Amino acid sequence: MSEIKKKIKYEQQFYPGTEKVSERRRKIMDPNRRLVKLREIPDDDIIHLLGHRSPGSLYTSVHPPLDEIIETYDPIKDLVVPSPGAQAGDRIRFIQFTDSFWSPVIAPWLRARMYFNRFRGVDTVIYSGREILEMRERDLEAATRILVETEVFDPARTALKGLTVHGHALRLDHDGLMFDARRRYVYDKDLKEVVYIKDMHARMLDEPIPVGRPLTEEELDTMDVTYRWNLTPYKSRTEILLIITRATHFRILGGFKPDLIKGM
Amino acid sequence: MSEKDRRAKESEYTYELGKLVEKFLPTEQERLIYKTMKKIFGDNPMSNIDDLMYKRGGFHQKRRKEEFFEWGRKIAKERGIPSYNRAVGIPLGQRALEPYVISGTDVIVDYDDLHHVNNAAIQQMLDDIKRTVIINLDTTHRVLQVRAGKEITPETINLYLETVQHTISGGAVAQEHMAEIHPGLTSDAYCKVITGNDEIVDMLDRRFVINIDKVGFHPTRAAVLKRDIGDTIYLVVRAPTIAIRMADGGVTYRWAAMQSSMAFISAYRLTGESIISDIAYAAKSAQVIQIGERTWYSRARAQNEPGGIPYGYFADIQQCDDKLPAEPYFKIIADDLIEGRRYMSKVSQAGAIIAPMTELLWYGFYMSGGLGFSSAVAAGAFCGNVIDDLLDNFSEIQHRSISRVSTVPPKWINIKFITDMMIQAAMETYEKYPSLMEFHWGGAHRISLVGSLAGSAAAMLTGSPMIGQMCMNYAIGMLMKEGWVRTGWAGQEVQDHLGLAYSCAFRMEEGGLIEFRGPNTPYASYTAGHSSGAIGACLSAQLGRGRAYVCNPIIKVAFADPDLKFDFHEPRLTIAKAALREFMPAGERDLIVPSH
Amino acid sequence: MSKEEIYEYKELPAGWWHEIDWILPGREQEPTVFELFHDMMIGSIVGNPTSLEVASKMVSRIILIEIEHPRRDIEYVRVMINPTDIKQGIPNTEPDLIIHMQYYDYIRVIMGQLDMMAPIWAGNGWIIGNMTCGLDLRDLLDASNKGEVSPRPAMWPVGSP
């Protein structure tokens, strides 16, 4: 019996592969691993960047706090612990990131996997040029702190863009920043940091908000989460290719006749 | 020192690939993509810095945008209600508004001229498909012979054909005092006959015949088409463009039935007798070939609209492959690289019909409307020489590696290495060329290209569109996704994940035979970027099997007609002409409006 | 196999290995995959200047060859190119390329009687991984068996990762 128990003990592996890109992906997806903090951004600045409320203002509610609502019994509501924002009845607001194609520290599908593993109460939609994350407002602000202060944010190549997100696939500007049609951020040559002059919705800020220095090319080479032809060729990632081949094979057979995949 | 210490571990041998980049620059500089991207952006295409970003003068960098700006002001002044207005529009032109090179040509056009509302050729392509219906004349002839005792001879058929040209354009025959239609408005309406019987062809007036031997098919293809069409006489009816623009594709078969029946009445001296209902039924229902079926309720459209056209019909409508011999591709590529390249280039040329029809028109216009989808999704299929470059290189690798096998079996585990190789090479090309990445700036563009490449290559080698579809779904939903952790827009890869499970399904709600699926297949109808791959798979499978057509030989011949307004043999050039304002469409109303 | 012959899987007659001059003498049993590649490396590749020249231009590669014998268990051999090394079994790191083939096809490939890709195209084997690495291996085998290599496609020149 102990042999069987040993065999069926499930251990999360998060991602296949043995080289540094796979290791980065595992680190980002694994909620038990701490992301390195690279910068400190004041709370009020985060609220300004999000642009959903003013610092110090109350959170807008869409329903009374859950403690004050009398609801019919629902076993699922009993099981699921509400997030702080849900408990308080906050409205749902969003943050939207664009990640450049060029040596990104995180990319859309990895974002989604990270959000699902590290945060609770998320609603995310994955595009190529943007990824939106919707949460209860105070939960969102807490998540934003992680998303902009740690190693999953590169001030030059990750951007907060609420609308007009075009730019992930474009060449970089002369300062090495990702394109933004609405010029929400610029490179301050004196400060040597990227500075947001507009919020996520492209509304002018009263005071510019510095978000830290751009990561160097050497740092990006080690933190890149995509396989590059000249650094870690995707062609040679046989472990990943074996796994996706197997998944595809099973999907085709299973969709046709599930009995075909028994014992495989 | 122990043996354990002495034995070197594989993992200790790594290599600094970054330093190898410079070695391969001369090779890259020979590629078509390098030259084309340099032409488009005027800069080092392999640099990922744009020094002129934000400094190009906004929308003033493009003459067409300035024209829009001027027109917007003019309209606002004339009507008192603002129209196009740069003050509220997106801040255009912060990035390069690059020109578009039509693939395979030196023609450079403005991106805005490739929008379907701005391009008369794309509109006429749609119109020519919508206004076509095919009637089986044998059915009607049988009715005439049996019910009315009429003799059907070459003379009577020729008289009928001459009469139907009059009626299809809106001329009256049997009824007095009918308001007729100005022939200048319907000058594009006509009918022609298709048959596989050379004797019948010889007996008919050649003005009214699409002669399979003379419209450009390779003789091996013509022979197969004639054999499979047989002795039946089909009437290809082209309703006037203005009619379908006033109504929709559903008017085509009604127009055809009405006017061909009137022509029968006149030519065969019938009257309003009961026999007419049999003739009308024969013309409208019995063995009528619609180009598109009606679509399901929530996407409700009439017949002959793009959503209802099967993938196999799309593949037959294009005529880019007409001059290729009907030989299996893998036999050709093993022996002759140049001929094999021709096969590949024809598939990429067909993209100029497939991508606008499915992406721009069906998804971007019928299903969306307004600005629609990014025209770059379709433009990627026939601009920039991207697909041409990649397919060219892939045909070379196939030529050098393919061995003499009796057949390439459609087995997933065996054929997927081709998909891996091609798609990883395509991904590497995007990584090496930041200018190309900028050119295909959306995930939808890239997955459309990746899907088309994967589907076409696998299908062409095996002759199986099903394998092509599997490879397309794998390439987008698995391969590209795990490489870049980035695909297309939200849910766009849903149909890749579902598609793998549905690839062998014959249940209608799951898809069915690949050639009979269409843009309206339930699981595919919500997202875009995949129809090109599926149709490419059907077309490529046909080339892989060495057949003359994909689905329906009559459709194949019907669109080989040189009198059609849109040239289905040279779609890229036709679209380019329209972008340069050199293409005259049909259905214009100049005759009945004040001069302007 | 010439370009005109159609590929067909066939087993070799008993004692076939005694006819091959680069197989080390003393192999009484049908050689294992490792023994074969080892013998070929020593007897055919290392002593051939063309092969050495071809191998020297390549990037470091690790190839796992997985062979199905009709009557034995699956055999594995790990081949390293640049530096050159052969080891029985599975490598301790991710290989660049995995080739899965039937035993007798494998023999004919390394003897130069069969193109490496023929069984793959015919569905009797599969490959996963870096195809450029596969081209490199093919060049190495061609150099040792034929003394010359075919020109490479433009997009995957020699030395390309």
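Since every read-out is calculated from the coordinates, none of them should be taken as a lab result. These figures come from a predicted structure and were not determined experimentally. As a convention, Cβ positions derive from the backbone with ideal geometry for all residues, glycine included, and neighbour counts pool all protein chains shown.
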(message) Given contacts defined as C-alpha pairs under 8 Å and at least six residues apart, what's the relative contact order of chain B, whole-number percent?
(response) 19
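What's the magnitude of the charge dipole for the protein assembly as shown around its Cα centre, counting Lys and Arg as +1 and Asp and Glu as -1 at the beta-carbon? Answer in Debye, nearest 20. Mind dumping the intermediate values first?
Details: 121 positive and 135 negative charges, 283 e Å.
About 1360 debye.
Grab the DSSP H runs of chain B that are 4 residues or longer, score each as -39,500 (n - 2.57), total them, divide by all residues and round the 222 nm result to the nearest 500 deg cm²/dmol. Walk me through the numbers on the way to the answer.
Details: 26 runs with 281 residues, N = 596.
It lands at -14000 deg cm²/dmol.
Using Cβ contacts closer than 10 Å as the measure, can you line up C:Met80, B:Met203 from fewest to most?
On the way: C:Met80 19, B:Met203 14.
Exposure proxy ranking, most exposed first: B:Met203, C:Met80.
What is the fewest-to-most order of B:Cys383, B:Cys471, C:Cys133 by other Cβ atoms lying within 10 Å of their Cβ? Could the numbers behind the result be given before it?
Working: B:Cys383 31, B:Cys471 34, C:Cys133 26.
With the fewest neighbours first, B:Cys383, B:Cys471, C:Cys133 line up as C:Cys133, B:Cys383, B:Cys471.
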(request) Only Cα pairs under 8 Å and at least 6 apart count here; give the relative contact order of the stretch C:30-146 as a rounded whole percent. (result) 27
(request) Give me C:Ile90, B:Ile129 ranked fewest to most by other Cβ atoms within 10 Å of their Cβ, as a rough exposure proxy. (result) C:Ile90, B:Ile129
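So what's the stretch B:132-290 giving for Cα Rg divided by 2.2 N^0.38 Å, two decimals? Spell out each step's value before the answer.
Values: Rg = 15.5 Å, N = 159, 2.2 N^0.38 = 15.1 Å.
Rg over 2.2 N^0.38 Å, computed on Cα atoms: 1.03.
Using only C-alpha positions, report the orientation-averaged shadow area of the convex hull of the stretch A:196-263, nm², one decimal.
Numbers: hull surface 36.9 nm².
Approximately 9.2 nm², given one-decimal rounding.
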(message) Need one value for B:485-497: mean number of C-beta atoms belonging to other chains within 10 Å of its residues' C-beta atoms.
(response) 5
(message) Angle check, please: helix B:275-284 long axis (alpha carbons) against the longest principal axis of chain B (alpha carbons), in degrees 0 to 90, nearest 10.
(response) 10
(message) Using 5 Å bins from zero, what percent of all Cα-Cα pairs in the stretch B:384-523 falls into each bin?
(response) 2, 10, 19, 22, 19, 15, 9, 4, 1
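Before anything else, pin down the relative contact order of chain A: Cα pairs under 8 Å, at least 6 apart, normalised by residue count, whole percent. Spell out each step's value before the answer.
On the way: 384 pairs, mean separation 53.6, N = 264.
Relative contact order here is 20 percent.
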(request) May I ask for the distance between the Cα centers of the stretch B:509-534 and the stretch B:228-271, given as a whole number of Å? (result) 30
(request) Find the centroid of the Cα atoms in the stretch A:116-150 and in the stretch B:558-596, then give the distance between the two in whole Å. (result) 50
(message) Give me, ordered by chain and number, the residues 5 or more places off B:Val209 or on other chains with an amide H under 5 Å from its own placed amide H.
(response) B:Val193
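Indicate the gyration tensor shape class of the stretch A:12-227 (rounded, prolate or oblate), computed on the Cα atoms with a ≥ b ≥ c the square roots of the eigenvalues: a/c under 1.5 is rounded; otherwise a/b larger than b/c is prolate and the rest oblate.
Values: a/c = 2.21, a/b = 1.32, b/c = 1.68.
Taking the square roots of the gyration eigenvalues as a ≥ b ≥ c, the stretch A:12-227 is oblate.
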(message) When the expected Rg is taken as 2.2 N^0.38 Å, what fraction or multiple of it is the alpha-carbon Rg of the stretch B:538-596?
(response) 1.62
(message) If you split all Cα-Cα distances of chain B into 20 Å bins from zero, what percentages do you get per bin, shortest first?
(response) 19, 49, 26, 5, 1, 0
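Once you average over the residues of B:412-423, how many Cβ atoms of partner chains fall within 10 Å of each Cβ?
Values: counts 6, 9, 9, 4, 8, 12, 3, 0, 10, 9, 1, 1.
Per residue, the number of nearby Cβ atoms from other chains is 6 on average.
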(request) Just report the Cα centroid separation between the stretch B:374-421 and the stretch A:194-219, whole Å. (result) 43
(message) Give me Rg/Rg_expected for the protein assembly as shown, where Rg uses Cα atoms only and Rg_expected = 2.2 N^0.38 Å with N residues.
(response) 1.05
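Let me know the mean shielding of B:405-411 by other chains, meaning the per-residue number of their Cβ atoms within 10 Å of its Cβ.
5
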(request) Work through the residues other than A:Glu131 whose Cβ is under 12 Å from its Cβ and net out their charges, Lys, Arg +1 and Asp, Glu -1. (result) +2
(message) Rounding to the nearest 10 and keeping the result within 0 to 90°, find how far the Cα-based axis of helix C:131-146 lies from the longest principal axis of chain C.
(response) 60
(request) Apply 1/(1 + (r/R0)^6) to the Cβ-Cβ distance of B:His177 and B:Arg589, taking R0 = 22 Å, and write down the FRET efficiency to the nearest 0.05. (result) 0.35
(request) Pull up the cross-link candidates among the lysines for B:Lys565, meaning alpha carbon to alpha carbon under 17 Å and not fewer than 8 places away within one chain. (result) B:Lys130, B:Lys192, B:Lys556, B:Lys577
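With the cut-off at 28 Å, report for the stretch A:108-264 the share of all Cα pairs above it, as a whole percent. Before the final figure, lay out each step's value.
Numbers: 4443 of 12246 pairs.
Summing the P(r) of the stretch A:108-264 above 28 Å gives 36 percent of all pairs.
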(request) Treating the angle as unsigned and between 0 and 90°, give the value, to the nearest 10°, between the Cα long axis of helix B:219-229 and the longest Cα principal axis of chain B. (result) 50
(request) Taking each pair of different alpha-carbon atoms in the stretch C:80-161 once, compute 1/r for the pair, average those values, and report the inverse of that mean as the Kirkwood hydrodynamic radius in Å to one decimal. (result) 13.7
